[in-house]
Amino acid sequence: MSRVIVRHACYDYQSLRPVLFEMMEALVDGEIHRNARVLLKPNFLCPAKPERAVLTHPLVVRAVSEYLLSKGCKIQISDSPAMGSFQMDVNFVPFTGSVKKDIGPPFGEIEMATDAIAFDTIINLAKLKTHSQMLLTLGVKNMFGCIVGMRKPEWHLKAGVDRNMFAKLLVQICQSIRPSITIIDGILALEGQGPGRSGTPRQLNVLVGSRNPFAADMAVCRMLCLEPGQLPTHAALGSMGLSDDSISIDGDLPQISNFKLPVLAPLSFGPKRIQGFMRKHLLQRPVVDQKRCKLCGECWNYCPSEAIFNDTEHIIFDYAACIRCYCCIELCPHGALKAKETSAGRVIRRLLF
Ligand code: SF4
Ligand code: SF4
């Protein structure tokens, strides 16, 4: 049975630090040795202020770093290049180099960040936020950040057109990297149409930690009054015959029944010959608020299916090509994108599902 530690916390550093020190002490359980090379993998995908709740809060990363430094560990913090720095003896290094690692069928060898494989210990510092494709971004999904650079959109394109297949990919990446500790920052969570700035910050004041990332995710599902199977990654684990729903909770797990989740609209429906039409006209899709859009190019440079174009004043989507990965929403630095279902699509989905 996997132990999950749940603690009430806030971002006042004087009170946050001892809470995270206590959680880390319990989770490490004497297994990290002096001079261990420890990689911290926060969710630092894009530049965003902490109050937007789209990234792991820097104070959570700082407290965990200080704990590890106090144990004599050598720390590296890695994720996206768009990071700031702390005044501490830690290295901030974006993931760059990749090595091939076999994560098992049907995906086989995939390229992963060299550092995610080479370090003695990986600590997964995830954010609790909604995701319009995968319902929630928690501990398991945070490990997808160990896929480097353009390999990430390539996998979105290969597997992201099928939600179950993408969830299976996330599960196998997480199993392959095996983070030693997962802590989910749910102090200021993101609800609604996440994962980007179109979601709404919501104060939950909770930290969830476990040595088992799947158990940590499951505890969050219980907290939000969800069946674990509603989370695509947990459903994928079940379809692989690997789900173990027995977790022991250390602490008070609040029950939050009114957390706003995104609508998980289907990624395709209808007979194959009309799926292109359905995709183009009826599926939930990213839409732009032209007033907020600064034409910065982040979205069209990243889009895995090259479905975003611009003229001098607007961005334009090719909804037939768009695979609904919602990376553009997550990356937009100006909160100009959100997922929206068409009225006709909503009616048809309700009739069919
Ligand atoms: S990332 Fe956002 S602001 Fe930049 S071009 Fe795309 S929609 Fe506009
Ligand atoms: S337009 Fe946005 S949601 Fe569609 S494929 Fe590109 S990044 Fe993904």
Q) Can you tell me which residues in the range 138-155 are within 15 Å of ligand 2 (Cβ to nearest atom) and either closer than 25 Å to R211 by Cβ or crowded, with 24+ Cβ neighbours inside 10 Å (or both)? A) F144
Q.
Return the residues of the range 3-54 that are modelled with pLDDT under 95 and over 19 Å from Q76 (Cβ atoms); say none if nothing qualifies.
A. D29, G30, C46, P47, A48, K49, P50, E51, R52, A53, V54
Q.
Looking at (1) crowded, with 23+ Cβ neighbours inside 10 Å; (2) of a type in the set (A, V, I, L, M, F, W, C); (3) modelled with pLDDT of 95 or more, which one does L226 not meet, given that it meets all the others?
A. (1)
Q: Select from the range 302-323 the residues that are within 13 Å of ligand 1 (Cβ to nearest atom) and at pLDDT below 90 and list them in ascending order.
A: Y302, N310, D311, T312, E313
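Condition first: modelled with pLDDT of 90 or more, away from ligand 1 (no atom under 11 Å from the Cβ) and among the aliphatic types (A, V, I, L, M). Can you find one or more residues in the range 271-290 that meet it?
Filtering the range 271-290 down to residues modelled with pLDDT of 90 or more leaves 286-290.
Within this subset, residues satisfying the condition of being away from ligand 1 (no atom under 11 Å from the Cβ) are none.
No, the range 271-290 has no match at all.
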Q: Kindly provide the set of residues from the range 54-77 that are touching a helix residue (DSSP H, G or I) at 6+ places or on another chain (Cβ under 6 Å) and more than 12 Å from D185 (Cβ to Cβ), ordered by number.
A: Y67, I75
Q. Here are some conditions: (1) out of contact with any Asp or Glu (no Cβ under 8 Å at 6 or more places or on another chain); (2) over 30 Å from Q193 (Cα atoms); (3) surrounded by fewer than 21 Cβ atoms within 10 Å (Cβ to Cβ). M24 meets all but one. Which one does it not meet?
A. (3)
Q: For the range 98-121, name all the residues that are touching a Lys or Arg at 6+ places or on another chain (Cβ under 6 Å) and buried (at least 20 other Cβ atoms within 10 Å of the Cβ).
A: M112, F119
Q. How about the range 98-149: which of its residues are in contact with a Gly (Cβ under 6 Å, 6 or more places away or on another chain) and of a type in the set (G, A, S)?
A. A126
Q. Restricting attention to the range 324-346, and to residues there that are farther than 21 Å from R151 by Cα and within 9 Å of ligand 1 (Cβ to nearest atom), which single residue is surrounded by the most Cβ atoms within 10 Å (Cβ to Cβ)?
A. L337
Q) In the range 27-70, what count of residues is obtained for those that are surrounded by 17 or more Cβ atoms within 10 Å (Cβ to Cβ), hydroxyl-bearing (S, T, Y) and part of a helix (DSSP H, G or I)? A) 2
Q: Say whether the condition of being more than 16 Å from ligand 2 (Cβ to nearest atom), assigned to a helix (DSSP H, G or I), touching a residue at least 12 places away in the same chain (Cβ under 8 Å) and out of contact with any Pro (no Cβ under 8 Å at 6 or more places or on another chain) is met by at least one residue in the range 177-199.
A: yes
Q. At pLDDT below 95, under 13 Å from the mean Cα position of the chain (by Cα) and not in a loop (DSSP other than H, G, I, E, B): does that describe G145?
A. yes
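The values are calculated or read from the model by the stated rules, or taken from the named source; none is laboratory data. Here the structure is a predicted model, which is why all the values come from computation and not from measurement. Here Cβ is always computed from backbone atoms with ideal geometry, including for glycine, and neighbour counts include all displayed protein chains.
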